[in-house]
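The values are calculated or read from the model by the stated rules, or taken from the named source; none is laboratory data. Fair warning: this is a prediction, and the values are worked out from it, not measured in the lab. Cβ atoms come from the backbone with ideal geometry, glycine included; neighbour counts cover every protein chain shown.
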Amino acid sequence: MAPISIKRILISESVDPCCKKLLQENGIQVTEKQNMSKDELIAEIKDYDGLVVRSATKVTAEVISAADQLQIIGRAGTGVDNVDVDAATKKGIIVMNTPSGNTLSAAELTCTLIMSLSRHVPQAAMSMKAGNWDRKKFMGAELYGKTLGIVGLGRIGKEVATRMQSFGMKTIGYDPITPPEVTATWGVEQMTLEQLWPQCDYITVHTPLMPATTGLLNDASFAKCKKGVKVVNCARGGIIDEASLLRALESGQCGGAGLDVFVEEPPKERSLVNHPNVISCPHLGASTKEAQARCGQDIALQIVDMVKGKGLVGAVNAQVLASTFSPESHLWIQLGEALGAVLRSCITSKTPLSAVQITTQGDCLKSSTGYMTSAVMVGLLTDGAKGCPNLVNVLSLAKESGITVNKAHLQAFEGGLCEVELSIKGSRFQASGSVQGGVPVLLGLDSSMFHHPVPLTGNLLFFKAAGGPQLLPAVTGVLATAGVEMQAFSGPEARAGEQWFCVGLSSLLGGLGALNPLVKEAAQLSL
Ligand code: NAD
Ligand code: MLT
């Protein structure tokens, strides 16, 4: 993929200074502006190619729509729930996070809250500061021998498990994706949530917030838990339903809660925060020097590597781009875009495109169907679709336009080949191409196979006509009259019937009208 040019980046929050330094050392101008209102951000964002945020900046669809130049949103942290990823994708903007930079810090805070719940340390400390010496009130319970249920066994869930095992806790858990045989290697026995709830003395949640995890702990699940169960949420507000938690705390069904995150941050409704059995923090999971340094450094290096064309790490919405960072894929992407552009130019029908089939062949394109599909669609939709198609957004733009895109790969061919077939109101149009000698070439257009592959570069004139001895001199005459030089010519292998021809031009013609008496169809484009 061609390196993405990022010249100016806005950092809109307190991100570790190493982020700014690394970006600047790599030639990127950086502006830091914190605590901007929504309107200030909307006004400011217009001038930047990149935006780096933590979790406080709300990168909404409105902000994204105002971001005319924006190409990358870098989240120095894990969750991207403060970024409207769909809106960014539609606009062709890459969203990137640093998923592991704060894992250890979030895991350590979770363990801190579990320990604090067992021994009431924060409440005891506050009581001491108030001048008391109350040993009875803060009677605790050992963690040794207790059962910890971990819901979400990803990066943080795993680190919490191994740490709490050192206290002699039994760790059980649930995760629909991480396999039980994997979690067994780090001492977590998996089971269904129905089996898990009644066994736990402590429950900690470490899932993303999404429809399936919103209210995972609710009135019904609290009712299945042991009386006095203690719960921790260092993941996202809402995974433990806040109203249900308050009810469970008040009834004693829940014996205590450690909360680092809230549905609304900061929470206006303070009943939970003020509850005597709740220990809460203002979203401090990642607030350590080490985590911030890692996240700041990771996001800067990921952006720099992307700009330098070294690779794409951490993209949450542009996985197709990750496999495009090699010189070979660059040529194939050029081919895909050029095939799409040739078809777009040569199809005169005004009927909207309904379906596209992209078929790649050959070993060298085995893992390319994702980006070849997107590349062809960029060529096809440029100038035609809403928005500005690129490899990030083109499939969602195609979907919005009602175009069905299918892809397939065949191993049969030794070299590499890409075939594109379009359906427009029952009619089919085709183009096929390859990369030969480091140049993308067109091999065929509709039923015309070119005698010599057509290099897909420069100014090209395509025309469809019945070949005959007079055709070429007549076309040459039109070009000469317009002061345009013919630089290359490719004719079809078959001469019977109407076939496509291609001519390389020194510059595009001012219009194609003069060709009308000579040809059935004509189109020109610059690649
Ligand atoms: P991760 O992606 O490594 O792990 C999440 C796990 O949740 C995955 O294994 C996934 O399979 C599992 N999961 C998904 N749906 C589930 C479901 N319905 N039930 C059970 N498990 C399910 O993420 P992570 O890095 O471990 O982060 C976990 C959470 O912590 C995220 O919400 C993240 O935003 C949050 N976080 C908070 C802080 C903080 O400051 N408090 C810091 C870092 C991360
Ligand atoms: C995260 O998702 O990375 C955390 O919530 C930490 C943060 O937002 O700073």
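Brief remarks follow.
- Residues (crowded, with 17+ Cβ neighbours inside 10 Å and part of a strand (DSSP E or B)) located in region 180-202: GLN190, TYR202
- Selection status of SER105, exposed (fewer than 13 other Cβ atoms within 10 Å of the Cβ) and within 40 Å of the chain's Cα centre (by Cα): no
- Scanning region 79-99 for residues that are assigned to a loop (DSSP other than H, G, I, E, B), at pLDDT 95 or above and out of contact with any Gly (no Cβ under 7 Å at 6 or more places or on another chain) yields ASP84, ILE93.
- Test set (1) within 22 Å of ASP260 (Cα to Cα); (2) at pLDDT below 95; (3) surrounded by 15 or more Cβ atoms within 10 Å (Cβ to Cβ) - VAL121 fails condition number: (2)
- Residue that is farthest from ligand 1 (Cβ to nearest atom), among those in region 280-322 that are assigned to a helix (DSSP H, G or I) and either of a type in the set (Asp, Glu) or surrounded by fewer than 17 Cβ atoms within 10 Å (Cβ to Cβ) (or both): ASP305
- Selection within region 387-400 - within 22 Å of HIS330 (Cα to Cα) and in a loop (DSSP other than H, G, I, E, B): CYS388, PRO389, ASN390, LEU391, VAL392, ASN393
- Residues located in region 336-368, provided they are of a type in the set (A, V, I, L, M) and part of a loop (DSSP other than H, G, I, E, B): ILE347, LEU353
- For LYS308, the test of being of a type in the set (D, E, K, R), closer than 30 Å to LYS7 by Cα and more than 15 Å from ligand 2 (Cβ to nearest atom) is passed.
- Considering the conditions (1) surrounded by 15 or more Cβ atoms within 10 Å (Cβ to Cβ); (2) touching an Asp or Glu at 6+ places or on another chain (Cβ under 7 Å), THR348 is excluded by exactly one of them, (1).
- Residue within region 260-268 that is within 16 Å of ligand 2 (Cβ to nearest atom), buried (at least 19 other Cβ atoms within 10 Å of the Cβ), within 20 Å of LEU148 (Cβ to Cβ) and not charged (D, E, K, R) present: yes
- Conditions (1) closer than 21 Å to GLY173 by Cβ; (2) in contact with a Phe, Trp or Tyr (Cβ under 9 Å, 6 or more places away or on another chain); (3) in a loop (DSSP other than H, G, I, E, B): number failed by MET115: (3)
- Failed condition for PRO327, given (1) over 22 Å from the mean Cα position of the chain (by Cα); (2) within 21 Å of LEU380 (Cα to Cα): (2)
- Some residue of region 247-260 being within 16 Å of ligand 1 (Cβ to nearest atom), of a type outside the set (Asp, Glu) and under 27 Å from the mean Cα position of the chain (by Cα): no
- Looking only at region 194-212, and only at residues there that are within 30 Å of the chain's Cα centre (by Cα) and away from ligand 2 (no atom under 16 Å from the Cβ), the one that is nearest to LEU148 (Cα to Cα): ALA212
- From GLY228, GLY173, residue being without any contact (Cβ under 8 Å) to a residue 40 or more places away in the chain and under 20 Å from LEU109 (Cβ atoms): GLY173
- Taken together, the residues in region 203-238 that are touching a Pro at 6+ places or on another chain (Cβ under 9 Å) and buried (at least 18 other Cβ atoms within 10 Å of the Cβ) amount to 4.
- When we screen ILE303, ILE333 for residues that are farther than 23 Å from VAL80 by Cα, touching a residue at least 60 places away in the same chain (Cβ under 8 Å) and among the aliphatic types (A, V, I, L, M), the only hit is ILE333.
- Taken residue by residue, region 79-94 has at least one member that is surrounded by 24 or more Cβ atoms within 10 Å (Cβ to Cβ) and free of Cβ contacts under 8 Å to residues at least 40 places away in the same chain.
- Residue in region 277-284 that is without any contact (Cβ under 8 Å) to a residue 60 or more places away in the chain, touching an Asp or Glu at 6+ places or on another chain (Cβ under 8 Å) and either more than 16 Å from ligand 2 (Cβ to nearest atom) or closer than 23 Å to VAL121 by Cα (or both) present: yes
- Complete set of residues in region 101-145 that are charged (D, E, K, R) and away from ligand 1 (no atom under 16 Å from the Cβ): ARG119, LYS129, ASP134, ARG135, LYS136, LYS137, GLU142
- Residue match in region 401-408 (condition: of a type in the set (Lys, Arg), over 28 Å from the mean Cα position of the chain (by Cα) and part of a strand (DSSP E or B)): no
- Selection status of ILE94, of a type in the set (A, V, I, L, M, F, W, C) and more than 16 Å from ligand 1 (Cβ to nearest atom): yes
- Qualifying strands (runs of 3 or more DSSP E) (wholly inside region 7-78; at least 2 residues being within 13 Å of ligand 2 (Cβ to nearest atom) and among the β-branched types (Val, Ile, Thr)): 50-53
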